[in-house]
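In what follows, a structure is listed as structure tokens, so that the remarks can point back to it.
The values are calculated or read from the model by the stated rules, or taken from the named source; none is laboratory data. Treat the numbers as computed from the prediction; the structure is a model and nothing was measured. Counting neighbours? That spans all protein chains shown, and the Cβs are built from the backbone with ideal geometry, glycine included. Please note that ligands, DNA and RNA were not included when accessible areas were found on the heavy atoms of the full protein model with its side chains. Shrake-Rupley method; radii C 1.70, N 1.55, O 1.52, S 1.80 Å.
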Amino acid sequence: MRLSKGFFPTVKEVPSDAVIPSHQLMIRAGLMRQLAAGVFSFLPIGYAVMKKVMQIIREEMDAIGGQEFHLPALNPVELWEETDRVKAFGDIMFHIKNRAMVLAPTHEEVITSIAKNHVKSYKEMPQIWYQIQTKFRNEPRPKSGVLRGRQFTMKDSYSMDSSWPGLDKSYDLHAEAYKKIYTRCGLTFHIVGASSGAMGGSGSQEFMVESNAGEDNLAVCSETGYAANVEIAASLVPNAERFAAIEPIKEVHTPNCKSIDEVAAFLKMPANRCAKSLIFMNDKQPVLVLMLGNDQLNESKLQSVFGQDIRPAQAEELLQLTGADAGSIGPVGLENKFTIVADNRLMNANGLVSGANKNDYHIINLDLQRDVKVQSYHDFRMVEEGEPTVDGKGKLRIVKGIEVGHIFKLGTKYSVAMKANFLDEQGKENPVIMGSYGIGVERIVACHIEQHHDEFGIKWQKSIAPYDVHLICVNMNSDAVKKKSEEIYAELQSKGISVLFDDRTDASAGFKFKDADLLGMPLHVIVGEKNLKNNQIELKERETNNRRTVPVEAAISEIIKFVRE
Ligand code: ATP
Ligand code: MG
């Protein structure tokens with residue numbers, strides 16, 4: 001493609017909301033333009049990258065026996081009512097005003113409806129069905145460019161198995177395919193254990209790219225290889241002590257002591273003798289959660305015990321239910337009104353301080369075996385930077401991550417809801433056992449740029465670069481330079497190398513070099529007057545920005561060697 005003829009709108013300025021490198025560079029290099037909040041047009045050079053990523057995905061999905069579908073984005077709303085997900089998605093789902101239809105944010109329902117009608121026997125499984133298609137989600141805060149769009153491209157696949165070990169196998173096949181896909185796309189990534197969230201199901205893992213632009217927090221450890229979303233991450237922290245003998249509980253006046261630190265300082269106790277009470281509401285009994293000292297409650301962990309709908313109580317509810325404000329609440333005397341649970345670190349502890357359900361009063365000598373009925377203990381704690389890993393062999397780092405993919409063992413949630421059953425070997429009817437697996441195509445492109453760029457522009461890795469080579473004719477007004485550039489252009493193309501040829505007559509050499517750095521093709525081939533007089537062509541590898549000259553006769557073979565190796 002000739003730069004003089006094609007559409008390559010590179011720009012210097014970016015809108016002020018473009019703050020992360022990938023967002024800025026996708027605009028500056030002319031990969032995409034925003035049409036509305038979270039809605040983007042991909043321009044030719046950006047779409048060329050998307051197509052390469054999609055091709056890699058297709059190859060790896062085909063390699064695990066996947067078959068490609070193309071499902072409609074426009075879905076009847078009744079389909080989503082069968083699984084109660086109109087409610088679960090809420091405002092995230094786009095509804096069509098003049099029809100009872102929605103724009104699909106994902107495709108479990110459509111897939112399950114096909115499986116229900118056509119997969120009737122264990123003999124017809126396993127199946128892996130995938131598609132690469134546009135998804136619509138009314139994200140409340142679209143941001144960071146294509147990383148969080150309201151319309152985006154997803155590879156989604158679904159496995160159907162007749163047994164749980166079968167599901168494990170389909171899931172593992174996907175995990176392996178995903179590793180190959182991200183590696184081939186030039187990404188460095190973590191595989192982290194994750195919470196299954198609104199999708200339901202048992203196991204799930206996320207593929208995360210470490211980046212400050214990420215919206216997820218990950219706990220990772222380079223010594224042990226541990227990596228988990230903080231939603232589920234655990235660490236090795238000691239439990240509160242249990243003393244041999246303690247006094248009965250006693251109420252003490254603690255004027256103006258609201259926080260754990262204030263209470264601990266006033267009572268001259270370490271913060272780790274305080275049991276903090278947090279109140280949550282759901283459609284059943286209110287829940288009182290006890291946490292040790294200044295430990296932070298992890299709401300995802302709470303949700304995995306009590307369901308998605310649990311929410312913190314409001315100030316008026318606290319007062320009405322306990323008789324006190326936050327800061328003076330405690331479990332004693334609330335057994336009948338609350339489900340009382342505690343974090344594992346408080347397991348059977350005693351000698352504790354808690355609120356007395358009376359403003360400005362606390363209870364001391366609390367014994368969780370003697371004075372309160374704790375219904376159950378769970379890990380409710382948010383891990384912190386620097387804590388030891390559970391095996392004690394390393395330290396946790398908390399880093400930001402961008403989710404580029406997610407694999408779920410769905411189980412039978414959708415097949416049960418939609419009655420997608422099959423007959424097993426004994427002729428008995430069972431629900432199909434499903435998995436669901438997603439990859440964000442735009443996110444791969446943006447993450448690639450996040451990981452491969454410098455202050456001058458993008459550094460495409462060969463596997464997904466829009467062109468193999470950027471050929472720069474430094475001076476189109478010199479006949480010799482022009483002739484040699486045209487020759488190289490024709491010859492490379494005839495050898496199957498894709499070339500972006502800067503043949504502009506009105507652009508200065510400096511301008512052309514700047515554009516080449518911005519656009520970021522892996523190899524720049526520079527044909528200039530001075531070098532050509534010495535029978536030399538200049539090659540620059542964008543990855544290292546190293547330049548070298550090669551004799552004109554050797555140029556083509558050197559270029560091909562670089563592209564193919
Ligand atoms: P997130 O937590 O970032 O909202 P999600 O858990 O909603 O992601 P899934 O429903 O698992 O995402 O979708 C599968 C993949 O689709 C994600 O791993 C991500 O790569 C991509 N994806 C999800 N939402 C968006 C979006 N709004 N814009 C671009 N890509 C997205
Ligand atoms: Mg989401």
Inside the stretch 278-299, can you point out the residues that are in contact (Cβ under 8 Å) with a residue 60 or more places away in the chain and either part of a loop (DSSP other than H, G, I, E, B) or among the basic types (Lys, Arg) (or both)? 295, 296, 298
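Is it the case that residue 240 is open to solvent by less than 10 Å² (accessible area, probe 1.4 Å), touching a residue at least 40 places away in the same chain (Cβ under 8 Å) and part of a loop (DSSP other than H, G, I, E, B)?
On the way: open to solvent by less than 10 Å² (accessible area, probe 1.4 Å): no; touching a residue at least 40 places away in the same chain (Cβ under 8 Å): yes; part of a loop (DSSP other than H, G, I, E, B): yes.
Judged against the criteria, residue 240 is not a match.
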The stretch 341-365, residues that are touching a helix residue (DSSP H, G or I) at 6+ places or on another chain (Cβ under 7 Å) and small (Gly, Ala, Ser): 351
Among the residues of the stretch 120-149, which ones are within 16 Å of ligand 2 (Cβ to nearest atom), over 16 Å from residue 107 (Cα atoms) and charged (D, E, K, R)? 139, 141, 143, 148
Positions within the stretch 80-101 being touching a strand residue (DSSP E or B) at 6+ places or on another chain (Cβ under 9 Å), over 19 Å from residue 408 (Cβ atoms) and more than 16 Å from ligand 2 (Cβ to nearest atom), in sequence order: 86, 95, 96, 99, 100, 101
Does the stretch 397-413 include one or more residues that are more than 16 Å from ligand 2 (Cβ to nearest atom), more than 19 Å from the chain's Cα centre (by Cα) and open to solvent by less than 10 Å² (accessible area, probe 1.4 Å)? yes
At pLDDT 95 or above, open to solvent by less than 70 Å² (accessible area, probe 1.4 Å) and acidic (Asp, Glu), is that true of residue 68? no
Against the conditions (1) within 23 Å of residue 132 (Cβ to Cβ); (2) without any contact (Cβ under 8 Å) to a residue 60 or more places away in the chain; (3) surrounded by fewer than 17 Cβ atoms within 10 Å (Cβ to Cβ); (4) among the aliphatic types (A, V, I, L, M), where does residue 11 fall short? Just the number, please. (1)
Matching residues in the stretch 91-102 - criterion: being without any contact (Cβ under 8 Å) to a residue 40 or more places away in the chain and open to solvent by 30 Å² or more (accessible area, probe 1.4 Å): 95, 96, 97, 98, 99, 100, 101
The conditions are (1) over 26 Å from residue 186 (Cβ atoms); (2) in contact with a Phe, Trp or Tyr (Cβ under 7 Å, 6 or more places away or on another chain), and residue 552 fails exactly one of them. Which is it? (2)
On the given criteria, is residue 393 in contact with an Asp or Glu (Cβ under 8 Å, 6 or more places away or on another chain) and open to solvent by 20 Å² or more (accessible area, probe 1.4 Å)? yes
So, residue 288, is that one closer than 30 Å to residue 181 by Cα, within 32 Å of the chain's Cα centre (by Cα) and open to solvent by less than 20 Å² (accessible area, probe 1.4 Å) or not? no
Would you confirm whether or not the stretch 507-517 contains a residue that is outside the structural domain of residue 112 (by TED's automatic domain parsing), at pLDDT 95 or above, within 32 Å of the chain's Cα centre (by Cα) and open to solvent by less than 10 Å² (accessible area, probe 1.4 Å)? yes
